[in-house]
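*Asks:* Structure below; questions to follow.
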Amino acid sequence: METTGFERHDHGACIRDGVSAVDARCRELGLQFTPVRRRVLELLLEGHRALGAYDILDRLREEGLGSQPPVAYRALDFLVKHGFAHKIERLNAFVACACPGESHMPAFLICRQCDKVAEAEADMRDGRLGESAAAVGFRIERAVVEAEGLCPSCQGAAA
Ligand SMILES: [Zn+2]
Ligand SMILES: [Zn+2]
Ligand SMILES: [Zn+2]
């Protein structure tokens with residue numbers, strides 16, 4: 001299982017790579033990667049934290065990119081619909097996808113202290129849940145895992 005977001009890394013490269021992966025994917029699929037959509041993705045990549053639609057709207061407004069809620073919602077819808085971002089249900093907030101364009105079932109590791117979110121891949125069709133489902137003849141199409149806990153740096157601070 002690979003995780004992204006908690007370990008130390010070159011975050012500048014992380015944002016650039018994230019944006020260029022989505023850029024390439026949009027060109028491949030003939031999707032419009034507008035300045036607002038690009039900026040919203042950058043904001044989501046900025047801190048590896050989940051951001052609510054209103055946090056994003058505030059930033060867009062400050063930057064003069066739009067002040068109406070639909071601007072933020074439409075950009076988020078676009079990113080989520082194409083798998084470039086995910087919605088974290090328990091936080092009612094959004095994170096950038098760690099592997100945009102790849103088909104995957106994400107699992108989220110959410111730090112309850114600093115709100116950082118890391119994305120791990122956990123295909124629930126394998127493993128225990130998959131076995132239980134198979135035993136009753138159920139076919140899982142989507143399973144969302146949102147685990148809450150403490151990230152490495154918050155564990156360090158608590159010790
Ligand atoms: Zn990063
Ligand atoms: Zn993802
Ligand atoms: Zn933390």
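*Asks:* Counting other beta carbons within 10 Å of each residue's own, what order do LEU29, LEU57 fall into, fewest first?
*Replies:* In order of increasing Cβ crowding within 10 Å: LEU29, LEU57.
*Asks:* Measure off 7 Å from each Cα along the Cα-to-Cβ vector at ASP23 and ASP55, then give the distance between these two points in nanometres to one decimal.
*Replies:* Label-label distance for ASP23 and ASP55, simple model: 2.5 nm.
*Asks:* Subtract the Cα-Cα distance of VAL80 and ARG16 from 0.36 nm times their separation in residues, and report this length gain in nm to one decimal.
*Replies:* Once the chain is fully extended between VAL80 and ARG16, it gains 21.1 nm.
*Asks:* State the antiparallel share, in %, of DSSP beta bridges confined to the chain, rounding to the nearest 5.
*Replies:* 70 percent
*Asks:* Can you give me the distance in nm between label points at GLU141 and GLU121, each placed 7 Å from the Cα along the Cα-to-Cβ direction?
*Replies:* 2.3 nm
*Asks:* Between the stretch 1-70 and the stretch 116-132, what is the separation of their alpha carbon centroids in Å?
*Replies:* About 25 Å separates the Cα centre of the stretch 1-70 from the one of the stretch 116-132.
*Asks:* Would you mind ranking HIS11, HIS82, HIS104, HIS48 by Cβ crowding within 10 Å, fewest neighbours first?
*Replies:* Exposure proxy ranking, most exposed first: HIS11, HIS104, HIS82, HIS48.
*Asks:* Might you list the cysteines of the chain that have no disulfide-compatible partner by the rule of another cysteine's Cβ under 4.7 Å?
*Replies:* CYS14, CYS26, CYS97, CYS99, CYS114, CYS154 - these cysteines have no disulfide-compatible partner (Cβ-Cβ under 4.7 Å) in the chain.
*Asks:* Something else about it: Treating only the Cβ atoms of Lys and Arg (+1) and Asp and Glu (-1) as charged, compute the dipole magnitude of the stretch 11-158 about its Cα centre; round to the nearest 20 debye.
*Replies:* So the dipole magnitude of the stretch 11-158 works out to roughly 280 debye.
*Asks:* Still on this structure, I have one more. Based only on other Cβ atoms within 10 Å, what is the fewest-to-most ordering of LEU79, LEU129, LEU45?
*Replies:* LEU129, LEU45, LEU79
*Asks:* Please sort by residue number the chymotrypsin sites (Phe, Trp or Tyr not before Pro) in the stretch 64-158 whose DSSP state is loop and whose Cβ has at most 14 other Cβ atoms within 10 Å.
*Replies:* Those that pass, being in a loop and sparsely packed, are PHE138.
*Asks:* Where in the stretch 1-91 are there GluC sites (Glu not before Pro) that are in a DSSP coil and have at most 16 other Cβ atoms within 10 angstrom of their Cβ?
*Replies:* GLU2, GLU7, GLU63
Since every read-out is calculated from the coordinates, none of them should be taken as a lab result. Since this is a predicted model, take the numbers as computed values, not measurements. Cβ: placed from backbone, ideal geometry, glycine included. Neighbour counts: every protein chain shown.
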